Each structure stands twice: as C-alpha cells, then as structure tokens.
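The values are calculated or read from the model by the stated rules, or taken from the named source; none is laboratory data. Quick caveat, the model's predicted, so the values are computed rather than measured. All Cβ positions, even for glycine, are placed from backbone atoms using ideal geometry, and neighbour counts span all protein chains on display.
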Amino acid sequence: MTFFKDFINVLSAASISFLLLSSTFGCIIYFCLLDGRLRSKGGAAFVVLGVIYFVAGIFIRPLLYLAVAYVLILFGLSNLGPRLWDKKTGKWLLIFGMLGFFVSFFDPNFYLIAAKPDNVPIGAMIFLLGIFTWIALRKAYLNDKQIEAGGIPWEKTETSEKLFVWPDLVYTEMLCMILLTIVMIVWSVGLRAPLEEAANPTSSPNPAKAPWYFLGLQEMLVYFDPWLAGVVLPGLIIVGLMAIPYIDTNPKGAGYFTFIERKWELGIFLYGFLVLWSFLIITGTFLRGPNWNFFGPYEYWDPNKLVPLVNIDLSELVWVQWLGQPLPKLWPIREMFGIILVVGYMSLPPLLAAGPFRRFYLKMGAPRFYVGAFLFLVMMALPIKMVLRWLFNLKYIVHIGELFFNV
Amino acid sequence: MSEEITPYQVVPKTPLAGSAAADIREQGEMTRRSFPFVITAAWLALTAALGGLASVLGRFMFPNVLFEPVQKFKAGFVADYAVGEVDERWKDKFGIWLVRTEETVYALISVCTHLGCTPNWLPTQNKFKCPCHGSGYYKSGVNFEGPTPRPLERAKISIDPSDGQIVVDKSKQFHQERGEWTDPESFIKL
Amino acid sequence: MASVRGIQEGIVNSQIWKSVFRVGIPNTNRKRVLAVLGSLILHLHPVKVRRSGVRMSYTWCMGGTSFFLFLVETVTGLLLMFYYRPTIEYAFTDIMDLREQAPFGIMREMHRWGAHAMVIAVWLHMFRVFMTGSYKPPREFNWNVGVILLVLTLLLSFTGYLLPWDQLAIWAITVGSSMARATPGAGNEGPMSGLIKLGDIRLIHAGDDARFGLIGGRSIGAATLLRFYVLHCVAIPLVAGFLMAIHFWRVRKDGGISGPL
Ligand code: HEM
Ligand code: FES
C-alpha cells in the first residue's frame with residue numbers, strides 16, 4: 001500500500017505526469033482512430049515516445065516510474081483497442097475509478113483535501129468530464145465505423161422524424177428539473193457551505209487560492225508573469241473560443257458525433273479543454289499546497305516543505321553558464337537570445353504556411369490560417385514553458401525588468 | 001443534402017405601386033450624391049456618442065474620494081527601533097514594516113508584489129516569505145525566489161521637523177526596479 | 001377514482017382555469033400545438049422538434065441544466081438578499097446568521113452549490129456543442145453569445161465569492177483582482193504602462209489603473225464589497241438574462257437543435 005501511494009505521489013509530483021496525461025489522451029484518440037492496431041505513423045510515434053521515456057527513466061529515477069506506467073498504459077490500451085468503447089468496459093472503468101477514489105478516502109491526507117466542501121464539486125467534475133468525454137468519443141467511434149463502411153451516422157437516420165414538443169420534450173425537461181431539484185436539496189442538506197474566519201487583511205492564509213474555476217489561470221501564474229497569465233492569455237482564450245466557428249471551415253461533422261471527419265479540430269480543442277484547462281484546475285485544486293508547492297495526492301501538506309527555488313533566466317543561462325561571460329549591461333544585448341527565440345516562435349506561421357501546412361493554408365485562406373496559427377502557438381506556449389521550467393529551471397526567456405516585460 | 005445552409009431568409013416584399021408604402025420608399029430614397037456624406041456623418045456621430053457614453057460610464061467607476069484607512073501616520077522616534085531589526089508593530093494597522101539599518105531607516109509596504117498577499121517576516125531565516133505562492137524577499141525588500149517579478153515597494157518616509165518623529169506616507173511608493181530607492185524621500189539617512 | 005377525475009374536470013373546465021390556460025388538457029394533436037403556441041414560456045420551443053434534439057444522449061440536457069440552475073440561483077439569491085447587508089461591518093455576521101439562524105438554513109448552501117454546478121454545467125454544455133459541431137454555420141453567432149454567457153457565468157461566480165467577507169473570500173479576490181494590475185498599458189504594473197507619462201509623472205499608478213476601477217480603491221475594502229454586490233445581484237444577472245433570451249431565440253431561428261442535414 002505505501003509503495004503504491006509513493007508511486008502515485010511521485011507520479012504527480014514529478015510534474016511530468018502532465019506530459020503523460022496529454023500523450024495518453026492523444027493515444028486514446030489514436031486508438032479510437034486506428035481501431036486498436038498500431039499500424040500508422042501516429043501509433044508508431046507513441047511507441048517511440050514510450051521507449052524514450054523508458055530510457056530516460058533509467059537515468060532519472062522518478063521518470064522510471066513514469067516510464068513503466070506509460071508503457072503499461074500503452075500496452076493496456078493497445079490490448080483494449082475498440083473494446084474501450086464497449087459499454088461494459090466503460091462501466092468497469094467507472095467502477096474502478098470510483099473505487100479508487102473511495103478507497104483513497106481512507107488515507108487521511110487525501111481525505112483532508114478531497115473532502116473540503118469547496119473541492120467536492122471538483123471531484124464530481126473529474127468524473128463528469130471523464131464520463132462525458134467517453135460518451136462523446138464512443139458515439140464518435142460508432143458513427144465513424146458506419147461512415148467508413150459507407151453508411152451514415154445514426155443522428156441522420158432520425159432527421160425526418162419529428163416529435164411534438166408537448167409531451168415529449170416538455171416531459172423530459174420536467175423530469176430533469178425534478179431530478180436536479182432533488183440533487184440540489186440533498187447536496188445542500190448534506191454538505192455545509194464553507195465559511196472561514198472573518199476577513200483579515202493583514203494575514204494571508206497559506207496557500208491562498210483563487211476560486212476553483214480560476215485555478216487553471218493561477219497555475220499558469222507559476223510559469224508566466226501576471227500580465228500574460230492573468231490578462232493576455234485569458235483574453236486570448238475568450239477570443240480563441242469566439243473565433244472557432246469562423247476559423248473552422250470544415251463543413252463536415254455538423255450535428256453529429258464524429259472523430260475521423262474532424263480530427264484536427266477535435267484534437268486541438270480537446271487538448272486545450274481537457275489537458276490544459278481542466279487538468280490545470282485539478283492540479284491547482286488538489287496538488288498545490290502551502291507556498292504553492294507541488295504535493296502528491298497522498299502527501300501531507302507540510303507548510304515547511306523545502307523546495308529549492310533555483311530558477312534562472314535564459315540570459316543568465318547563456319551568457320554566464322554557457323559562454324562564461326558576465327551579463328551585458330544593456331538589455332537589448334543581454335536579452336538578445338530570448339528575443340530571437342520569441343520572435344522566431346511567433347513568426348512560425350508564414351513558415352508553416354509555406355512548408356508542412358501548405359494544404360491547410362490553401363484550404364483556409366490567409367486570414368483564417370494566420371489567426372488560427374497565432375492562437376494555436378499562443379496556446380502551445382504554455383506547455384512549452386512548463387517543460388522548459390521542469391527541465392532547465394528556466395524562469396524567463398526574455399526578462400526586461402526595465403520595461404516590465406517578462407516572458 | 002443542400003450545400004447552402006440558410007434556415008431563414010428575409011426577402012423584402014416590393015410594395016404595390018401607388019400604395020402608401022411605395023410612396024414612403026420613393027421619398028425615402030436618397031440621392032446618390034448625398035449618400036456617402038450622410039452615412040459617414042451618421043457613423044461618426046454614432047461612434048462619438050457611444051464613445052462618449054462609454055467614457056462617462058468608465059469614469060464614473062473611478063471615485064474621486066476614497067474612504068480608505070489613512071495613508072499617512074507618525075511612527076515614533078528613530079530611537080524606538082533597534083538596529084538591524086524588522087519592526088512589525090505597524091503591520092496590522094498600516095501594512096508597513098519599518099527597518100532600521102546602520103545608516104538608514106526605510107518603510108517596506110507589506111504587500112507582495114506578485115499578487116497582493118501579505119508576506120510574513122521569518123526572523124529565523126532572515127527573509128520575508130509570501131504564503132500565497134512562495135515569493136521570498138531579503139530584508140532590504142529585494143526578491144530572490146518565487147514567482148514575483150520585482151522587489152517589495154518602499155513608502156515615503158521623513159522626519160517631522162516640528163517634533164522629530166518619523167512620518168510614513170503610504171500614498172507615495174518607491175520601486176527599486178525603476179531606480180527609485182535612491183530617492184532621498186524613500187529612506188531616512190541617519 | 002371517478003370522483004378525483006370529476007374534481008379535475010371541474011377545475012379544468014372552470015372559468016378561472018380557462019381564463020389562464022386556454023387550451024385545456026393537451027390530449028389531441030391540435031391541443032398540443034396550441035398548448036405550446038399559447039404559452040409565453042413554452043413557446044420558447046417550436047411545436048415540433050427533431051427526434052435527436054430530444055434525446056438526452058445528444059444534448060446531454062446541459063443547456064437546459066445551465067438555465068435551470070440560473071433560475072435556482074436567482075430564487076435563492078433573492079432570498080439571501082433579505083438577510084444580507086453588503087458592508088464590512090455586517091456582511092460576515094449576516095452570513096453567519098443565514099447559516100445558523102435563518103429558517104430552512106440551506107438557502108446559502110443551495111446558492112453556493114448551485115453556482116458551482118452551473119459553472120460545470122455550462123462547461124459541459126460547451127463541450128457537447130463542440131463535440132457535435134453545432135457551432136458550424138448557421139450557428140456561429142449563437143456560439144459567440146454562448147461564449148459571452150460563459151464569461152458572465154464565471155464573473156457571476158467570481159463576484160459572489162467575495163460577498164461572505166471571510167478569509168477565503170478576500171484573499172481569493174485579492175489574488176484574482178491583482179491580475180488586473182498587470183494589464184498591459186492600463187495596469188500599474190503592466191508592461192508599457194510605464195511609458196505613458198506626462199513629463200516625469202507616470203499617468204498610470206495604483207490610484208487610477210484598471211484594478212482601481214474594478215475594486216473601487218487601492219485595496220479590497222468597503223467599496224469593493226459594494227461594487228461586487230451590485231454587479232453580482234443586479235448588473236450581471238440582467239445582462240446574462242438578456243443574452244439567454246437571445247441565445248434561446250437564436251436556437252430556434254437557426255433551425256432548432258442542430259442535427260445532420
Ligand atoms: C449560461 C449559460 C448557457 C445557457 C443557459 C445555455 C442554454 C442553452 C440551451 C437551453 C440550448 C438548447 C440545447 C441544449 O440544451 O443543448 C443551447 C444551445 C446552444 N448553446 Fe447554449 N447555453 C449557455 C452557454 C453556452 C455556451 C458557453 C456556449 C458555447 C460556447 C453555447 C453555445 C450554444 C450553441 C451553439 C447552441 C445550439 C446547439 C445546437 O443547436 O445543437 N451556449 N444553449
Ligand atoms: S501573492 Fe505573494 S507570491 Fe503570489
């Protein structure tokens with residue numbers, strides 16, 4: 001048991017579990033796509049990734065756990081294949097998930113965090129997200145099988161059938177309302193809303209957290225300065241969401257679940273919604289303790305946990321550590337490398353348009369392509385910065401304290 | 001399966017010749033020449049009106065008078081403070097740490113420059129530590145760890161010539177990264 | 001049993017009932033149509049809908065759940081307003097009172113859990129709409145109305161979080177609102193803000209930046225509480241309610257719940 005807990009704590013505390021999660025998730029999609037057989041380039045890429053993890057893991061200890069877990073998951077999924085979308089498999093996955101959750105409640109540290117009143121809805125959200133993602137992908141899988149066989153998605157078989165709103169829809173709505181009312185009453189009687197001590201502006205609690213639905217943003221604050229994580233990125237999330245219908249010109253897949261007809265759209269959206277937004281909220285809620293340190297799910301939230309904060313800037317890394325020079329005084333010279341990197345990154349879209357993504361460029365047209373590519377690059381800046389932080393303790397790529405401009 | 005998805009289309013009906021509607025149409029038609037001018041003027045007027053409204057609304061949200069705790073207070077005599085100590089007696093009331101060193105006295109504002117929590121002074125570790133996201137500052141207020149991008153701020157500090165007491169004025173802050181800590185108002189020279 | 005039926009018939013055929021519900025019991029197709037058309041609330045719906053639009057497995061009923069929870073929040077919120085005063089002196093004690101003394105002391109619980117549930121429901125609704133590709137033409141605009149509704153839902157929750165005036169509240173809002181300080185060009189600590197100067201004087205400072213306008217002061221205080229109270233109880237619900245009306249109307253005008261063509 002303790003080994004198991006250690007294992008999971010290491011898994012989460014080595015924040016690379018983030019990577020694991022995202023690629024596992026990509027894996028699931030691929031399996032949905034490939035019918036469970038590793039036969040395309042995509043499938044092979046995941047196997048290669050698994051091997052790389054494994055080799056890296058032999059040198060870096062926590063990674064070894066990860067590598068083992070990763071290979072196991074890959075193996076399990078490849079054996080499950082299309083059976084993943086069976087109702088029976090779904091049921092068992094849910095039962096196992098819930099069992100794991102409830103057994104974990106016997107661990108005092110886990111209980112302390114997961115049973116906090118404000119965290120209860122987030123626990124429920126994890127399950128809801130899992131269930132609904134599974135349902136959506138299952139339906140997509142079933143429809144895709146039909147489409148590949150030359151048939152039509154099941155929603156299409158019913159288009160001509162019309163029902164009277166009274167009674168069919170009205171009764172369904174009525175039932176939903178009654179059920180929801182019951183849920184709300186039971187929930188409210190069973191769980192008291194939290195109320196802490198009266199406000200005291202001179203003493204901050206440790207950790208001080210934003211409301212849970214903003215914890216993804218707060219988690220981003222670890223990697224970016226407030227102007228980016230708190231203002232620019234949230235703004236771009238909203239803009240990006242609003243831009244979706246105008247960027248996505250794919251006429252297929254409107255009004256029914258499908259994966260193969262909308263691979264790119266689904267891939268990008270699910271990555272942003274599940275992996276970045278939801279996973280970061282879960283991390284911020286359950287895995288960030290005092291001083292915003294990382295804690296595994298079974299770890300004691302020790303306010304005195306010492307985590308060496310040895311983050312350095314890119315300029316220091318290059319000038320001092322690699323070139324053996326003192327830092328130049330003038331910021332344009334000091335930050336030269338970082339600026340080149342950032343500018344280079346943001347000017348990728350024209351290169352992509354000319355090179356590997358020419359097909360999309362031609363299909364979408366310049367404005368759509370550039371806006372879409374820009375938004376995508378901004379989104380990917382987050383995981384990139386996260387990985388840089390874990391691997392190189394990198395704090396800022398560009399650090400111009402003089403202008404308050406830090407990236 | 002149709003290509004165009006147009007669930008509803010409004011096709012304006014042509015009014016019957018000679019009817020009142022047709023009359024209005026005729027008279028309402030603008031001449032070609034005045035049209036561009038009118039439409040430009042109309043858009044400009046609309047934009048100006050909306051812009052004006054928005055700025056009035058916006059300005060309304062910025063009060064002229066604040067009902068906040070006083071920003072300026074007398075903090076006793078320099079001799080009340082021990083050399084080399086971070087003094088916490090004004091923290092709860094005014095959010096200020098007074099620090100006396102060999103040559104100077106300065107007032108640090110107890111607001112974390114990351115996202116505004118109140119850090120704690122940890123005498124054993126000789127640093128300020130913010131409980132919210134772990135930013136750490138030296139006694140001087142300069143940051144050395146955690147996510148904060150810059151040092152703590154210092155408040156305006158002076159000696160009242162009439163009674164020799166220290167006066168701290170929080171309404172004026174000094175930022176180290178802007179090179180303001182050399183300003184003679186940001187510390188008392190002993 | 002017969003007498004129960006008799007009573008029902010008596011009620012349904014009375015002049016009072018008929019003055020309210022014109023149609024009577026909708027037991028024929030004609031009456032079903034009229035029942036929907038003749039009611040302000042029901043005629044949010046069309047008379048007939050596509051089969052898949054009724055299926056829970058297609059819509060997950062999440063849009064409807066969001067709306068229902070919005071109504072729950074409106075009702076419970078209204079009840080809370082009878083006991084709550086938005087001042088630093090009273091806010092916290094009034095919440096204590098609501099929790100310990102008010103009859104049926106679960107209104108606050110309902111309101112808080114309802115808010116959490118609404119955020120989750122709106123996310124799942126958006127997720128469903130995306131997964132079924134329902135934002136594609138002609139529904140682009142309604143998707144955008146939806147995004148604004150999502151933002152308003154989060155803002156409603158955020159402004160409400162401050163009102164209990166406990167430690168959880170003020171620090172969450174301190175941390176959350178401090179981000180506004182970093183707005184480029186408009187926040188005291190944002191990049192570029194330092195460049196906006198008149199001679200040597202910075203025009204953007206703690207006393208006039210974006211955060212100041214949001215919380216009505218330099219730090220979270222009485223002004224912030226009042227501001228958030230007004231936003232939470234009046235301003236945002238009104239805007240959200242208005243947009244919901246547009247949202248529902250557009251669902252119908254765009255051809256009903258989406259389905260394959
Ligand atoms: C307060 C929040 C919201 C409420 C109360 C609400 C309510 C509803 C309802 C009742 C429907 C009917 C279909 C269904 O139940 O699924 C609907 C449809 C729709 N909603 Fe929302 N919604 C909200 C937020 C959003 C958001 C955040 C989005 C997207 C970003 C969105 C986009 C749409 C679209 C595109 C449709 C049409 C879907 C179709 O035709 O299949 N809504 N909404
Ligand atoms: S508020 Fe102090 S570290 Fe974030």
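Tabulated values for the structure
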| read-out | value |
| --- | --- |
| Residues of the range A:107-159 that turn out to be of a type in the set (Gly, Ala, Ser), surrounded by fewer than 18 Cβ atoms within 10 Å (Cβ to Cβ) and part of a helix (DSSP H, G or I), as a count | 3 |
| Scope the range A:207-230; condition touching a Pro at 6+ places or on another chain (Cβ under 7 Å) and either part of a helix (DSSP H, G or I) or more than 10 Å from chain C (Cβ to nearest Cβ) (or both); matching residues | A:LEU217, A:VAL222, A:TRP227 |
| Conditions (1) facing chain A (nearest Cβ under 7 Å); (2) of a type outside the set (S, T, N, Q); (3) part of a helix (DSSP H, G or I): number failed by C:ILE148 | (1) |
| Residue ranges of strands (runs of 3 or more DSSP E) in the range B:56-137 with at least 2 members surrounded by fewer than 21 Cβ atoms within 10 Å (Cβ to Cβ), within 16 Å of ligand 2 (Cβ to nearest atom) and within 14 Å of chain A (Cβ to nearest Cβ) | B:120-122, B:127-129 |
| Residue match in the range C:175-183 (condition: at the interface with chain A (Cβ under 10 Å from one of its Cβ atoms), in contact (Cβ under 8 Å) with a residue 40 or more places away in the chain and under 23 Å from B:LEU66 (Cβ atoms)) | yes |
| Residue ranges of helices (runs of 4 or more DSSP H) in the range C:22-84 with at least 2 members more than 9 Å from every other protein chain (Cβ to nearest Cβ) | C:29-37, C:62-81 |
| Residues satisfying the stated conditions in the range C:124-145, i.e. more than 7 Å from every other protein chain (Cβ to nearest Cβ) and either within 8 Å of ligand 1 (Cβ to nearest atom) or within 14 Å of A:ASN250 (Cβ to Cβ) (or both) | C:HIS125, C:MET126, C:ARG128, C:VAL129, C:ARG139, C:ASN142, C:VAL145 |
| Among (1) of a type in the set (A, V, I, L, M, F, W, C); (2) within 16 Å of ligand 1 (Cβ to nearest atom); (3) within 11 Å of chain B (Cβ to nearest Cβ), the one test that C:ALA206 misses | (2) |
| Exclusive hit being closer than 25 Å to A:ALA198 by Cα, within 16 Å of ligand 2 (Cβ to nearest atom) and in the same structural domain as C:ALA91 (by TED's automatic domain parsing), set C:LEU231, C:LEU168, C:LEU225, C:LEU214 | C:LEU168 |
| Tabulated pairs, the range C:246-261, first facing chain B (nearest Cβ under 10 Å), second assigned to a loop (DSSP other than H, G, I, E, B) and near ligand 1 (Cβ under 8 Å from one of its atoms), C-beta under 7 angstrom, 6+ apart or interchain | C:ASP254/C:ARG139; C:PRO260/A:GLY255; C:LEU261/A:GLY255 |
| Criterion: assigned to a helix (DSSP H, G or I), small (Gly, Ala, Ser) and under 22 Å from the mean Cα position of the chain (by Cα) - qualifying residue of A:GLY372, A:GLY338 | A:GLY372 |
| Among the residues listed as A:ASN311, A:ASN304, A:ASN293, the single one being more than 21 Å from the chain's Cα centre (by Cα), within 16 Å of ligand 2 (Cβ to nearest atom) and more than 14 Å from chain C (Cβ to nearest Cβ) | A:ASN311 |
| Residues located in the range A:250-264, provided they are facing another protein chain (nearest Cβ under 10 Å) and touching a helix residue (DSSP H, G or I) at 6+ places or on another chain (Cβ under 8 Å) | A:ASN250, A:LYS252, A:GLY253, A:GLY255, A:TYR256, A:PHE257, A:THR258, A:PHE259, A:GLU261 |
| Any hit, the range B:157-170, residues being under 23 Å from the mean Cα position of the chain (by Cα) and within 30 Å of A:ALA229 (Cα to Cα) | yes |
| So C:GLY256, is it assigned to a loop (DSSP other than H, G, I, E, B), within 16 Å of ligand 1 (Cβ to nearest atom) and over 20 Å from B:PHE67 (Cα atoms) | yes |
| Filtered residues of the range C:98-109 (kept if surrounded by fewer than 16 Cβ atoms within 10 Å (Cβ to Cβ) and within 11 Å of another protein chain (Cβ to nearest Cβ)) | C:GLU100, C:PHE104, C:GLY105 |
| C:THR159 vs. criteria within 29 Å of A:PHE405 (Cβ to Cβ), outside any loop (DSSP other than H, G, I, E, B) and not hydrophobic (A, V, I, L, M, F, W, C) | no |
| Among (1) out of contact with any Ser or Thr (no Cβ under 9 Å at 6 or more places or on another chain); (2) at pLDDT below 90, the one test that B:PRO147 misses | (1) |
| Qualifying residue in the range B:144-160 (condition: at the interface with another protein chain (Cβ under 10 Å from one of its Cβ atoms), surrounded by 16 or more Cβ atoms within 10 Å (Cβ to Cβ), away from ligand 1 (no atom under 16 Å from the Cβ) and assigned to a strand (DSSP E or B)) | yes |
| Residue in the range C:171-207 that is nearest to ligand 2 (Cβ to nearest atom), counting only those that are over 30 Å from A:ALA198 (Cβ atoms) and β-branched (Val, Ile, Thr) | C:THR183 |
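Yes/no per residue for (1) under 16 Å from C:GLY176 (Cβ atoms); (2) surrounded by fewer than 20 Cβ atoms within 10 Å (Cβ to Cβ); (3) within 16 Å of ligand 1 (Cβ to nearest atom):
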residue: A:TYR213; (1), (2), (3): yes, no, yes
residue: A:GLN218; (1), (2), (3): yes, no, no
residue: A:VAL222; (1), (2), (3): yes, no, no
residue: A:TRP227; (1), (2), (3): yes, no, no
residue: A:VAL239; (1), (2), (3): no, yes, yes
residue: A:PRO245; (1), (2), (3): no, no, yes
residue: A:GLY253; (1), (2), (3): no, no, yes
residue: A:ILE260; (1), (2), (3): no, yes, no
residue: A:TRP264; (1), (2), (3): no, yes, no
